[in-house]
Amino acid sequence: MARLESGRRIILSRDVLRADYLPESLPHRWEHIRRMGEVLAPCLIGGRPSNLFIYGKTGTGKTAVAKHVLKRFSAEASRRDVRARFVYVNCRIAGTEYRVLAEICASLDVRIPFTGLSKAEVFSRMRNGLNRLWGMLVICLDEVDVLVKSFGDGLLYELTRSNDQGSSGHVAIIGISNDLMFKEQLDPRVLSSLSEEELVFHPYTANELADILRERASMSLSEGSYDESVIRLCAALAAAEHGDARRALDLLRVAAEVAEREGAERIEERHVRAAQGLIERGRVYEALSSLPLHSRIVLLAVLVASKGGGNGIATSGAIYSTYKALCVEAGVEPLTDRRVSTLISELDMLGVVSCDLVSFGRHGRTRRIRLAINSDEVMSVFERDELLSSLASKMLKNAPQN
């Protein structure tokens with residue numbers, strides 16, 4: 001504490017360096033703002049805009065652009081006294097179809113109890129709210145892929161049909177997804193309606209990330225506490241990892257925190273390197289420790305099976321056999337081969353494992369799987385897992401070495 005108080009204050013505003021901060025300007029996303037504005041423009045003159053589907057990887061500015069445009073349209077609708085409302089819902093945070101519908105209803109001044117109503121009743125109340133609105137409701141569903149993967153596309157189907165049910169109010173939907181393959185999961189009727197217009201967000205380049213960081217740094221860090229080399233390094237490290245603006249901002253913020261904690265006068269490149277290690281360890285641990293039980297067992301099976309495979313690689317068949325053995329040892333009912341295959345795909349999406357599909361011609365195909373992170377990081381999670389800690393040590397001790 002004494003060191004922190006005696007050292008120079010580097011960070012003036014931590015909030016500005018967080019990913020959820022919404023600045024007045026969004027560098028290198030002006031074209032996306034313009035395109036989204038053109039799609040929504042009809043609602044300001046009493047028309048019904050097309051539905052819009054936005055997709056791109058994490059950290060490419062999708063949420064920031066959507067919130068920015070909705071905020072401006074909401075203000076303009078109020079200024080013109082247009083009967084149009086705009087609601088943003090993060091489907092991951094809402095968690096269930098019921099809570100998503102409840103947030104939509106709240107935007108129509110319709111109160112929904114936290115639990116207790118059927119989905120049909122909530123829809124009925126939403127339609128009544130639309131009738132009273134007698135105007136346009138624009139619904140932005142962020143991370144809509146999370147909702148569909150958990151509950152199917154029934155909610156989307158009902159929302160897209162709202163305009164066909166004789167309501168005096170109309171609905172337009174903006175769907176946002178990080179999963180580029182998400183649309184393949186949708187019913188063709190939902191897809192044709194939802195994807196009337198599409199907007200793709202490409203990853204930021206290193207130069208674009210540097211521009212974003214300079215703007216945020218000027219608002220959040222004390223003058224003279226950093227130089228261009230720090231900005232460039234944070235941008236380059238983030239650009240190498242899919243052009244993720246969130247990653248770049250986190251690197252700069254944590255580097256500044258590291259520098260402040262040690263009482264440094266300025267942020268240096270070594271602080272950025274230290275921040276990179278802290279973020280990586282924290283991200284991996286958080287992701288692994290929050291995995292469901294069977295996903296953790298599958299991950300342990302990958303670790304054990306890869307010990308006996310060549311070059312740390314194991315086939316999907318070997319992993320499933322190991323998984324079943326682990327379930328027996330843990331006293332847990334194993335899942336089917338197909339379900340385990342899905343869990344492996346989810347671990348692949350998290351970046352925890354890496355999968356390659358190998359064809360053997362007429363003898364079929366298999367997946368070759370290996371850990372994409374250090375095995376010590378995986379073990380650090382299992383060591384804190386009451387059920388799997390002893391099982392992990394036992395299985396790894398008995399695993400054949402390649």
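The values are calculated or read from the model by the stated rules, or taken from the named source; none is laboratory data. Worth saying up front: this structure is predicted, and the values here are computed from it rather than measured. Because the Cβ atoms are built from the backbone with ideal geometry, glycine has one as well, and the counts that use them run over all protein chains shown.
Within 24 Å of ASP153 (Cα to Cα), under 26 Å from the mean Cα position of the chain (by Cα), surrounded by fewer than 18 Cβ atoms within 10 Å (Cβ to Cβ) and modelled with pLDDT of 95 or more: which single residue out of LYS67, LYS57 fits that description?
Numbers: LYS57 fails: modelled with pLDDT of 95 or more.
Exactly one of LYS67, LYS57 is within 24 Å of ASP153 (Cα to Cα), under 26 Å from the mean Cα position of the chain (by Cα), surrounded by fewer than 18 Cβ atoms within 10 Å (Cβ to Cβ) and modelled with pLDDT of 95 or more, namely LYS67.
Within 22 Å of VAL39 (Cβ to Cβ) and among the hydroxyl-bearing types (Ser, Thr, Tyr) - does that describe any residue in region 186-194?
Among the residues of region 186-194, at least one is within 22 Å of VAL39 (Cβ to Cβ) and among the hydroxyl-bearing types (Ser, Thr, Tyr), which makes the answer yes.
Return the pair list, or none, for Cβ contacts closer than 7 Å from residues in region 134-145 that are within 14 Å of PHE86 (Cα to Cα) and in contact (Cβ under 8 Å) with a residue 60 or more places away in the chain to residues that are assigned to a helix (DSSP H, G or I) and among the polar types (S, T, N, Q), at least 6 apart or on different chains.
Going by the 7 Å Cβ cut-off, the qualifying pairs are ASP142/THR63.
Restricting attention to region 319-372, and to residues there that are over 22 Å from LEU387 (Cα atoms) and part of a loop (DSSP other than H, G, I, E, B), which single residue is modelled with the lowest pLDDT?
Result: PHE360.
Test GLU280 against the criterion of being in a helix (DSSP H, G or I), of a type outside the set (Gly, Ala, Ser) and touching a strand residue (DSSP E or B) at 6+ places or on another chain (Cβ under 7 Å), and give yes or no. Before you say what the answer is, go through the steps one by one.
On the way: in a helix (DSSP H, G or I): yes; of a type outside the set (Gly, Ala, Ser): yes; touching a strand residue (DSSP E or B) at 6+ places or on another chain (Cβ under 7 Å): no.
So GLU280 does not fit the description; no.
Taking SER192 as meeting all but one of (1) surrounded by fewer than 23 Cβ atoms within 10 Å (Cβ to Cβ); (2) part of a helix (DSSP H, G or I); (3) modelled with pLDDT of 90 or more, write down the number of the exception.
(3)
Can you tell me which residues in region 167-199 are β-branched (Val, Ile, Thr) and over 16 Å from the mean Cα position of the chain (by Cα)?
Quick first cut of region 167-199, residues β-branched (Val, Ile, Thr) only: 171, 173-174, 176, 190.
Those that are β-branched (Val, Ile, Thr) and over 16 Å from the mean Cα position of the chain (by Cα): VAL171, ILE173, ILE174, VAL190.
If we keep just the residues of region 143-166 that are among the polar types (S, T, N, Q) and within 17 Å of ASN51 (Cβ to Cβ), which is nearest to the chain's Cα centre (by Cα)?
The initial filter retains those residues of region 143-166 that are among the polar types (S, T, N, Q), namely 150, 160, 162-163, 165.
Imposing the further condition that a residue be within 17 Å of ASN51 (Cβ to Cβ) reduces the set to 160, 162-163, 165.
Values: THR160: 24, SER162: 28, ASN163: 30, GLN165: 33 Å.
Checking each candidate, the answer is THR160.
Among the candidates ILE231, ILE174, which residue alone is among the β-branched types (Val, Ile, Thr) and in contact with a Lys or Arg (Cβ under 7 Å, 6 or more places away or on another chain)? Explain how you work it out, then say what you get.
Numbers: ILE174 fails: in contact with a Lys or Arg (Cβ under 7 Å, 6 or more places away or on another chain).
Residue meeting the stated conditions: ILE231.
Please list, ordered by first then second residue, the pairs with beta carbon atoms under 7 Å, 6 or more apart or interchain, first in region 12-31 and under 15 Å from LEU209 (Cβ atoms), second among the aromatic types (Phe, Trp, Tyr).
Between residues of region 12-31 that are under 15 Å from LEU209 (Cβ atoms) and residues that are among the aromatic types (Phe, Trp, Tyr), the close pairs are HIS28/TYR204.
Tell me, please, whether a residue that is in contact with a Lys or Arg (Cβ under 7 Å, 6 or more places away or on another chain), β-branched (Val, Ile, Thr), surrounded by 17 or more Cβ atoms within 10 Å (Cβ to Cβ) and in a helix (DSSP H, G or I) can be found in region 141-163.
For region 141-163, residues in contact with a Lys or Arg (Cβ under 7 Å, 6 or more places away or on another chain), β-branched (Val, Ile, Thr), surrounded by 17 or more Cβ atoms within 10 Å (Cβ to Cβ) and in a helix (DSSP H, G or I): present.
Which of the following residues is outside the structural domain of ASP142 (by TED's automatic domain parsing), at pLDDT 90 or above and either more than 30 Å from LEU350 (Cβ to Cβ) or assigned to a helix (DSSP H, G or I) (or both): VAL16, VAL100, VAL82?
Values: VAL100 fails: outside the structural domain of ASP142 (by TED's automatic domain parsing); VAL82 fails: outside the structural domain of ASP142 (by TED's automatic domain parsing).
Criteria check complete, one pass: VAL16.
Which one of these is assigned to a loop (DSSP other than H, G, I, E, B) and farther than 17 Å from ALA172 by Cβ: THR58, THR63?
Values: THR63 fails: assigned to a loop (DSSP other than H, G, I, E, B).
Among THR58, THR63, only THR58 is assigned to a loop (DSSP other than H, G, I, E, B) and farther than 17 Å from ALA172 by Cβ.
Filter region 85-127 down to residues that are charged (D, E, K, R) and within 16 Å of ILE176 (Cβ to Cβ) and give me whichever is surrounded by the fewest Cβ atoms within 10 Å (Cβ to Cβ). If you could, list the steps in order and put the result at the bottom.
Going residue by residue through region 85-127, those that are charged (D, E, K, R) are 85, 92, 97, 99, 103, 109, 111, 119, 121, 125, 127.
Adding the requirement that they be within 16 Å of ILE176 (Cβ to Cβ) leaves 92, 103.
On the way: ARG92: 14, GLU103: 18.
Checking each candidate, the answer is ARG92.
Within region 326-347, track down each residue that is touching a residue at least 40 places away in the same chain (Cβ under 8 Å) and aliphatic (A, V, I, L, M).
Within region 326-347, LEU326, ALA330, LEU335, VAL340, LEU343, ILE344, LEU347 qualify.
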